[in-house]
1. I'd like to check which strands (runs of 3 or more DSSP E) are fully inside region B:664-756 and have at least 1 residues that are surrounded by fewer than 20 Cβ atoms within 10 Å (Cβ to Cβ), at pLDDT below 95 and within 11 Å of chain A (Cβ to nearest Cβ).
2. Would you mind finding the one in B:251, B:288 that is touching a helix residue (DSSP H, G or I) at 6+ places or on another chain (Cβ under 8 Å) and either more than 30 Å from residue B:145 (Cα to Cα) or in a helix (DSSP H, G or I) (or both)?
3. Which condition number does residue B:428 fail, the rest of (1) more than 25 Å from residue B:508 (Cα to Cα); (2) touching a residue at least 60 places away in the same chain (Cβ under 8 Å) being met?
4. Can you work out which of the residues in region B:575-587 that are under 20 Å from residue B:436 (Cα atoms) and part of a helix (DSSP H, G or I) is farthest from ligand 1 (Cβ to nearest atom)?
5. Out of all the residues in region A:8-36, which are within 29 Å of residue B:12 (Cα to Cα) and either loosely packed, with under 14 Cβ neighbours inside 10 Å or more than 9 Å from every other protein chain (Cβ to nearest Cβ) (or both)?
6. Of the residues B:269, B:258, which single one is part of a helix (DSSP H, G or I) and within 50 Å of the chain's Cα centre (by Cα)?
7. Just a yes or no: is a residue in region B:302-311 away from ligand 2 (no atom under 16 Å from the Cβ) and more than 31 Å from the chain's Cα centre (by Cα)?
8. Would you check if residue A:72 is within 8 Å of another protein chain (Cβ to nearest Cβ), in a loop (DSSP other than H, G, I, E, B) and more than 18 Å from residue B:719 (Cα to Cα)?
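The values are calculated or read from the model by the stated rules, or taken from the named source; none is laboratory data. Fair warning: this is a prediction, and the values are worked out from it, not measured in the lab. Using ideal geometry, Cβ is built from the backbone for each residue, glycine included, and neighbour counts are taken over all protein chains shown.
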Ligand code: SF4
Ligand code: SF4
Ligand code: SF4
Ligand SMILES: [Zn+2]
């Protein structure tokens, strides 16, 4: 089944997991809020699964979706 | 106590805010949309106010357009109208009312018609009118404008003769203009005919017939038409007696509406709506309006000048006072309806959540409004309703609610005065006082201990206003019970409140005696250190003291005793606006809160003297020299614009220091085991984003126990995160020898998880 992703960010090898000492990769993640879910692709550590939400994403798209959901 | 996020957006619960009757009763109080006095008095419903506004702006064409809406014969009507509007003009109560008829004439003289062809299709119902008088002339015009095929039978020889017989007293110009208007209307006129005879011969050719009343009486001497609708049902005839020019014009209007009903085979009394002049409930504040006399209208300029005297009557007293209503460009009746509808939405977007949460619940409107409209109460009920149905998002209020829990848990203090089992008093300075001015709180407490007999206990905490404002009534009840319990342990002493809002909130607890510290100081006098400000000051009354004349008076007395030179400002006392903190506006809508603060400060250029610490803080943040009365009384200064972390730190440190110094209780402070420093700008950024230093500490502690972080090669910074309650906090940092250097922090409420 083809996934619909609301957002995709490729770490392009610039991010390293400090715990596992390996590069983050584009991986599958999901945002959950007030009983709603949104599949996304974000930088994820292939070993420990750390999902990175960059500042611009948190203060931009994520915030606006939060606000929209809060008033549902 | 716990604060819970709403579980799901897919819970479809609903509860009505008001019954229909209650909603309507509330809405009725607002007279904003009631017609102005002049409009209401006009049976033809001329929009006088808009017309004068148009003339005042030099737009005579628009003014004429408005006037032509009410009559097919503007010259005739304006020449002869008895103008009941003029006597009702609000300005009559001050000086002379607006010369409305002169302005109508000016509109006709200086405006030009926009000849728009009627878009209406010609109707099928053929109407015959018998007899030429004022009533039938107006009626023919009204019906032609409605696009009925109209035939008029009259004894006069031509239009000039008809106009002359209708309006013998008017000028040649009026008569000529009237004849010209008639010839331009789509009316088939049969001159030189005997109307009664014509009726007998031709009435059967028409679907509807109308007649001058004199003709009707010739035809049917016993005729008694229903004057309310200008119809004789018995004779199937539209007719009726009228008096004067306005009477004829109004009779013709009623008759034309009856024609509409009859053409649809309905009873003429059917669904006519409100006709004629009405009683208006409008209220217009005349404060600041100077009496003036009429300006004789002799040309466009003098017409403009006369129109400019019109004060455009409307009720907007609450709007002028409230920055929130101005921000949303609305007025209470409309806003109430929108809020009511919003609350009734089961599924989908709730567009009014923001306005509901942006009102400061200050009650200023209820004082300003001539009918006591309390928009704040309605917003408060709406918030509670949303909490009940699970529709209230936590996000706008969570920070404030957590801050209240901090005040009543970690930073809470409740102790009798050392050496006293039972105390006669308890000092309750309020959470904001301890957060913003800890030194002042300390000085006040020591002073009270020194100068009052019977023991003074101390409670550092929040009165519960925060959760009350947020509409969290369960939390409020818990908080009230918690405080009642603390007070009971002290033996229910008399409360000395340091904040007017605390005084108000705690007054609602049954069985408690309460006074403001200002009232106590008024009795026991000022301490030695008290000193007046160097300059005159503007006194800002707290919205928490609305409806509390005792507090307002006492503050003024104290200020006077202090030697303050207090300058009066508009909207003082009960009418005072909110500083932007009340109702949690500061948290839910910074833009509106800022406008509220600015509106408060617009009243004077002087330094502001207040008696609520939140007001004091907000005014200082807007750059105004600002002082709390207790700062002057105790010669102590509040902190200058403490950030959110400092406000917490102040509360905690005050508690710890007082515990140590007066109750000799040691509080173990947790040693972090590492240091945190902040890069330039980081703390301001965190304050702006409502991220506390304690949040950053918790994230870094999480990092130390899990080692979870990433390194960003582009910036050379490390980034870590932790989920704390309903929020994920991210911290960008560099490791230092003994800890961390924090560059930035951000947060989001969404939870992020892995997915297969
Ligand atoms: S003061 Fe405000 S709420 Fe009251 S009648 Fe006027 S517009 Fe309506
Ligand atoms: S002041 Fe203007 S709006 Fe008010 S009653 Fe007079 S004409 Fe009408
Ligand atoms: S902010 Fe105050 S004055 Fe304005 S609507 Fe709300 S309660 Fe009324
Ligand atoms: Zn990893």
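1. Values: elements: B:675-678, B:710-712, B:717-724, B:727-736, B:739-748, B:751-754.
Qualifying strands (runs of 3 or more DSSP E): B:751-754.
2. On the way: B:288 fails: touching a helix residue (DSSP H, G or I) at 6+ places or on another chain (Cβ under 8 Å).
That would be B:251, the only listed residue that is touching a helix residue (DSSP H, G or I) at 6+ places or on another chain (Cβ under 8 Å) and either more than 30 Å from residue B:145 (Cα to Cα) or in a helix (DSSP H, G or I) (or both).
3. (1)
4. Just the residues of region B:575-587 that are under 20 Å from residue B:436 (Cα atoms), to begin with: B:578-587.
Within this subset, residues satisfying the condition of being part of a helix (DSSP H, G or I) are B:582-587.
Working: B:582: 19, B:583: 17, B:584: 22, B:585: 19, B:586: 24, B:587: 26 Å.
Residue satisfying both the conditions and the ranking: B:587.
5. Keep residues of region A:8-36 that are within 29 Å of residue B:12 (Cα to Cα), which gives A:29-36.
Listed by number, the residues that qualify are A:32, A:35.
6. Values: B:269 fails: part of a helix (DSSP H, G or I).
Every option except B:258 fails the conditions.
7. Start the filter on region B:302-311 by keeping residues that are away from ligand 2 (no atom under 16 Å from the Cβ), which leaves B:302.
Of the ones still in play, those that are also more than 31 Å from the chain's Cα centre (by Cα) are B:302.
For region B:302-311, residues away from ligand 2 (no atom under 16 Å from the Cβ) and more than 31 Å from the chain's Cα centre (by Cα): present.
8. Details: within 8 Å of another protein chain (Cβ to nearest Cβ): yes; in a loop (DSSP other than H, G, I, E, B): yes; more than 18 Å from residue B:719 (Cα to Cα): yes.
Judged against the criteria, residue A:72 is a match.
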